[in-house]
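Chemist: Okay, here's the structure, questions in a sec.
The values are calculated or read from the model by the stated rules, or taken from the named source; none is laboratory data. Since the model is a prediction, treat every value here as computed from it, not as a measurement. We place every Cβ from the backbone using ideal geometry, glycine too, and count neighbours over all the protein chains shown. Remember, those area values only see protein heavy atoms, side chains included, never the ligands or the DNA or RNA. Shrake-Rupley method; radii C 1.70, N 1.55, O 1.52, S 1.80 Å.
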Amino acid sequence: MACKILIVEDDSNIAKYILACLAVGNYEGEICEDGSRAVEKILGGGYDLVLLDVMLPGLDGFEVMERVRECQVPVIYLTAVQDVASKVRGLQSGAEDYIVKPFEVLELLARIDLVMKRHHKSETRFTYGDILLDTERHLVQKGEDRVSLSPKEFDVLAYFIRHQDIVISREMLLSAVWGYGFEGETRTVDTHVQQVRKKLGLQGRLVTVPTYGYRLLEREE
């Protein structure tokens with residue numbers, strides 16, 4: 001079952017954009033445009049994460065946080081308010097993260113993934129066609145056959161399955177799988193992607209985007 005995320009945002013266009021971003025990461029989103037109503041929804045339970053704007057009608061984001069802190073639902077501020085004092089206030093209030101608009105889709109999903117993992121709320125089983133990937137057991141199967149992947153090949157496959165039909169640059173994959181401090185070359189990415197493609201029979205599905213990176217075509221239902 002997909003994690004359910006409450007989007008507290010009064011700009012309908014931005015809220016819909018965030019909703020579309022969450023769909024890319026296989027998250028279920030719900031929009032709330034008012035701070036007071038957001039408090040009622042959060043206290044009512046049922047959400048795994050809250051994406052919270054600061055400037056809201058009713059109650060602002062900081063006031064919302066004060067009223068729901070005891071619920072222990074993880075909160076990420078997602079706001080255009082970018083002064084240092086506001087960032088510090090947001091993080092000191094108990095929020096997991098503070099993201100300033102505008103943001104990239106993959107950056108938002110990466111931040112959400114980290115919070116979900118910290119709170120043990122991320123999904124552990126994913127499928128792509130006849131491929132099953134179990135992150136908890138570190139298992140990959142194609143049909144009935146188990147496929148042996150190195151730890152990094154496993155992480156590469158997991159990243160593509162979580163972000164289907166998005167063009168992923170080599171640099172983004174390096175950062176996501178090897179870490180921002182990794183000093184290796186992008187050839188490392190190419191080698192691992194080629195192995196994943198070969199071992200899982202993803203020719204024609206895990207495609208190369210010339211001069212940029214790769215894309216795992218969305219699976220056919």
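Chemist: Measuring with a 1.4 Å probe in the full set of protein chains, what accessible area per residue, in whole Å², belongs to the chain?
Modeler: Numbers: 11530 Å² over 221 residues.
For the chain, the per-residue accessible area is 52 Å².
Chemist: Can you check what the Kirkwood hydrodynamic radius comes to for the chain, Cα pairs only, in Å to one decimal? Let's see the in-between values first.
Modeler: Working: mean 1/r = 0.0534 Å⁻¹.
Answer for the chain: a Kirkwood hydrodynamic radius of 18.7 Å.
Chemist: Let me ask something else. Over the chain, what is the mean sequence separation of C-alpha contacts under 8 Å (at least six apart), divided by residue count, expressed as relative contact order in percent? Don't skip to the answer; put the middle values down first.
Modeler: Numbers: 330 pairs, mean separation 30.4, N = 221.
Once divided by the residue count of the chain, the mean separation gives 14 percent.
Chemist: Counting alpha carbon pairs within less than 8 Å and at least 6 residues apart, what relative contact order, in whole percent, applies to the range 125-198? The partial results should precede the final answer.
Modeler: Numbers: 65 pairs, mean separation 17.1, N = 74.
Rounded, it is 23 percent for the range 125-198.
Chemist: Highest mean first, what order results for 147-160, 124-137 on Cβ atoms within 10 Å? Each step should come with its number before you reach the end.
Modeler: Details: 147-160: 18.6, 124-137: 14.5.
Most protected by this proxy first, the peptides run 147-160, 124-137.
Chemist: 222 nm [θ] for the chain, helices only, -39500 (n - 2.57) per DSSP H run of 4+, per residue, to 500?
Modeler: Mean residue ellipticity at 222 nm (helix-derived): -11000 deg cm²/dmol.
Chemist: Still on this structure, please answer the following. What aspartates and glutamates does Lys4 reach when the alpha-carbon gap must be under 15 Å and sequence neighbours fewer than 8 apart in one chain are set aside?
Modeler: Lys4 reaches Glu28, Glu30, Asp48, Asp113, Glu123.
Chemist: For the chain, which whole percent of the accessible surface, found with a 1.4 angstrom probe, sits on carbon and sulfur atoms?
Modeler: Values: 5580 of 11530 Å².
Carbon and sulfur: 48 percent of the exposed surface of the chain.
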